[in-house]
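The values are calculated or read from the model by the stated rules, or taken from the named source; none is laboratory data. Not measured: the values here are computed from a predicted model. Neighbour counts are summed over all protein chains in view; Cβ atoms, including those assigned to glycine, are modelled from backbone coordinates with ideal geometry. SASA here: full protein model, heavy atoms, side chains in, ligands and nucleic acids out. Shrake-Rupley method; radii C 1.70, N 1.55, O 1.52, S 1.80 Å.
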Amino acid sequence: MESYTVHDYDVLVIGAGGAGLRAAIAAIEKGARVGVVTKSLLGKAHTVMAEGGMAAAMGNVRPEDNWKVHFRDTLKGGGMLNNWKMVENYTKEAPDRVRELEQWGAVFDRTPDGKINQRNFGGHSYPRLAHVGDRTGLELIRTLQDHAVKMGIHAHMETTIYRLLTDAGRVVGALGFNRQTGEFLVFRAKAVVLATGGLGRIYQITSNSWECTGDGFSLASMVGADLIDMEFIQFHPTGMVWPPSVMGILVTEGVRGEGGVLKNSEGKRFMFDNVPERYKGEFAETEEEAERWLQGDRSARRPPELLTRDVVARAIRKEVNEGRGSPHGGAYLDIASRRPADYIKKKLPSMYHQFMKLGNLDITKEPMEVGPTCHYVMGGVRVDPDTQATNVPGLYAAGEVAGGLHGANRLGGNSLSDLVVFGRRAGMAAAEYAAQQTGSLQVDEAQVRAYIAEALQPFNNPQGENPFALMKELRATMQKNAGIMREEGELKAQLEILANLKKRAWNTSVSGSRAYNPGWHTALDMRLMVEISEAVVLAALARKESRGGHARLDYPDPDPTFAKLNHIIRRNSDGTLSVVAEPLPEMPEEMRKVAEAKDLKELSEKVGA
């Protein structure tokens, strides 16, 4: 019989990125005994890949900025499908969370008069992103990690969670294993916070690091938690497209925020021809006006390169499809002709080194080749807007794994501040829930034994399939049939492919020991990746329109009917998934006036923002 080690906590946090660490800090502050599990090493979460900055309406660069303008920008960018209460909580609290990081030691870039500097980003009406060059995520994690360690978190590094454990309908812990040794670990916990990040690795071309295999979504769904709006996948417009070995690696939106422009193979700035009707009048109409904006003329409007990510990604794809793309299937992003070399190296040091090391390209002298890459999922585990609680008692979610804040499309920079605002709320609520649980925790021994047997099955199946080959097939077919542009026939074909892959994922074979066995890890990852891929495709089939991060070739326009609906992906008693359309939560009239203000002038005159 396999042995395992037991750890007891009040709150178990799964994930050690920005949301997980902030949740752990909040739970400790409430007096909880907290354990943190991470697949990787502490300090090496996917959050460190975030570059451009964290959005918060602090008004340090433009005093006109405030939470109401940020609220309107976020809802407008999200196609109005956002949970309005989450957006209100987020936009009101983000400035305090940024200042809190500074108090804990984060070293932000400064304005000439010593305030935290803020930069422009797509979809934001004013310069709003507090930043540390183009390494903001790294500084955020360094700061949170130092603070959390000082407060006494218990970290379990290189540990993968295989299943959540339940008792009488509530979550009471998790079963995992140490990736170094293969030892099984049982975590008994009164509350569990999922902070596992995104699912980008289900796609072939992605900016996501290896950890982002969608674990949290599947773990939650498999114990009965609802998911919401899983059809909305963000394809960031600017990933590297060359050389092939680095395809998909992110090129920060900060390049465009600092003045970079997009051109096609004919040298034309094509974004002036791609301004959607809903943004007409808010962006510069000529290169001359855009140039004045770059030089600081406040009467000029922003250049169209700063439109939202969904709009820019589709415009690049259109140029490529119509034969005006770059040699390797993208567009040109030019900062070299816009800013002096010293300025580029100072404001975008990571981008400069990334292209020099990986592409042998000097971005201070030549334009970059860029194209869309799977970057973020707006949908996720459905949570309460105030507590981040799911519909399963004892289970909470925060960060990218939680849905609702970003609607159909996330604005750049809203992710990092999302992590700290809702990580804190989740940690506080989980600790308060844990404090209300009396008596000792009971974990079902039979449940643990059954899951361990499942996990070890690939070692006892010599005729099974190669898990790496299955993973390659999953990613290639999701890219082809459920990628940036979708249509009904391909989505239905992908459902059939996934049904087949699901059976094969439970018939894999691995060899060797359990210590550092990537074949075994891939075999177990596949089981969860197929589950969440199915949720994405089912939701994409159900939404017969194009909005935000969901684009249908057969339904190319937004449909007013779908503008009022969220899609809930629910697990049935037989284990299958179904999609249920639910009306959006009702927004109070005073908040609706803010959200639906025609422009900033109306917002100022009628709402006082």
Inset, instruction - Filter the cross-link list LYS39/LYS68; LYS39/LYS76; LYS564/LYS593; LYS564/LYS601; LYS472/LYS492; LYS85/LYS347 down to pairs whose alpha-carbon distance in this structure exceeds 28 Å. - result: LYS39/LYS68; LYS39/LYS76; LYS85/LYS347
Inset, instruction - Divide by every residue of the chain the summed helix terms, -39500 (n - 2.57) for each DSSP H run of at least 4, and state the resulting mean residue ellipticity at 222 nm, rounded to the nearest 500 deg cm²/dmol. - result: -11500 deg cm²/dmol
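Treating only the Cβ atoms of Lys and Arg (+1) and Asp and Glu (-1) as charged, compute the dipole magnitude of the chain about its Cα centre; round to the nearest 20 debye.
Dipole about the Cα centre, nearest 20: 560 debye.
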Legend entry - Label-to-label distance, nm, for residues given as GLN437 and LEU41 (7 Å Cα→Cβ offset): 3.2 nm
Inset, instruction - Pop out the carbon and sulfur fraction of the accessible area of the chain as a percent, whole number, probe 1.4 Å. - result: 50 percent
Inset, instruction - Just round it to a whole percent: the fraction of Cα-Cα distances in the chain exceeding 34 Å. - result: 38 percent
Inset, instruction - Order these peptides, 119-129, 259-269, 89-99, by their mean beta-carbon neighbour count within 10 angstrom, highest first. - result: 119-129, 89-99, 259-269
Legend entry - Segment TYR516-GLU285, length gained on full extension (0.36 nm per residue, minus Cα span): 77.6 nm
Inset, instruction - Would you please state the base-10 log of I(q)/I(0) at q = 0.23 1/Å for the stretch 18-118, with intensities from the Debye formula using one equal scatterer on every alpha carbon? - result: -1.30
Inset, instruction - Please give, to one decimal in nm, the separation of the simple spin-label points placed at ASP96 and ARG338, each 7 Å out from Cα toward the Cβ. - result: 3.6 nm
Inset, instruction - Would you list, by chain and number, the lysines whose Cα falls below 25 Å from the Cα of LYS346, excluding same-chain residues fewer than 8 positions away? - result: LYS44, LYS115, LYS263, LYS357, LYS365
Inset, instruction - Assuming a ≥ b ≥ c are the square roots of the Cα gyration tensor eigenvalues, decide whether the stretch 401-507 counts as rounded (a/c under 1.5), prolate (otherwise, with a/b larger than b/c) or oblate. - result: oblate
Inset, instruction - Would you kindly state how much longer the chain becomes between LYS357 and VAL149 on full extension, computed as 0.36 nm times their sequence separation minus their alpha carbon distance, in nm to one decimal? - result: 71.6 nm
Inset, instruction - Give, as ranges by residue number, the residues of the stretch 483-521 whose backbone N falls under 14 Å from the point 7 Å along Cα→Cβ of ALA476. - result: none
Inset, instruction - Mind checking which lysines have their Cα closer than 18 Å to the Cα of LYS268? Skip sequence neighbours fewer than 8 apart in that chain. - result: LYS318
Inset, instruction - Give the ranking of GLU319, GLU432, GLU288 by solvent-accessible surface, highest area first, calculated with a 1.4 Å probe. - result: GLU288, GLU432, GLU319
Legend entry - Positive-end residue of LEU411, PRO372, SER350, charge dipole of the stretch 340-418 with Cβ unit charges: SER350
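If we count every other residue with Cβ under 15 angstrom of TRP210's Cβ, Lys/Arg +1 and Asp/Glu -1, where does the sum land?
Residues close to TRP210 contribute a combined charge of +2.
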Legend entry - Net +/- balance of residues flanking VAL370 in space, Cβ distance below 13 Å, scoring K and R +1, D and E -1: -2
Inset, instruction - Using a/c under 1.5 as the rounded threshold, could you call the stretch 507-577 rounded, prolate or oblate? The axes a ≥ b ≥ c are square roots of the C-alpha gyration tensor eigenvalues, and prolate needs a/b larger than b/c, oblate otherwise. - result: prolate
Inset, instruction - Could you check what % of the DSSP bridge pairs in the chain are antiparallel, to the nearest 5? - result: 65 percent
Legend entry - Global geometry of the stretch 418-468, whether rounded, prolate or oblate, following the gyration tensor of its Cα atoms and the 1.5 cut on a/c: oblate
Inset, instruction - Please compute the net charge surrounding LYS593, taking Lys and Arg as +1 and Asp and Glu as -1 over other residues with Cβ under 12 Å from its Cβ. - result: 0
Legend entry - Rounded to the nearest 10 Å², the accessible area of GLU158 at probe 1.4 Å: 30 Å²
Legend entry - Student exercise, the stretch 418-541 dipole from Lys, Arg, Asp, Glu Cβ charges, in Debye to nearest 20: 240 debye
Legend entry - Net dipole in debye of the stretch 151-239 [+1 Lys, Arg Cβ; -1 Asp, Glu Cβ; about Cα centre; nearest 20]: 240 debye
Inset, instruction - Using DSSP, restrict attention to beta bridges with both residues in the stretch 1-138 and report what percent are antiparallel, rounded to the nearest 5. - result: 55 percent
Legend entry - Which of GLY152, PRO385, ALA469, positive extreme of dipole for the chain (C-beta unit charges): GLY152
Legend entry - Heavy-atom accessible area per residue - the chain, 1.4 Å, Å²: 36 Å²
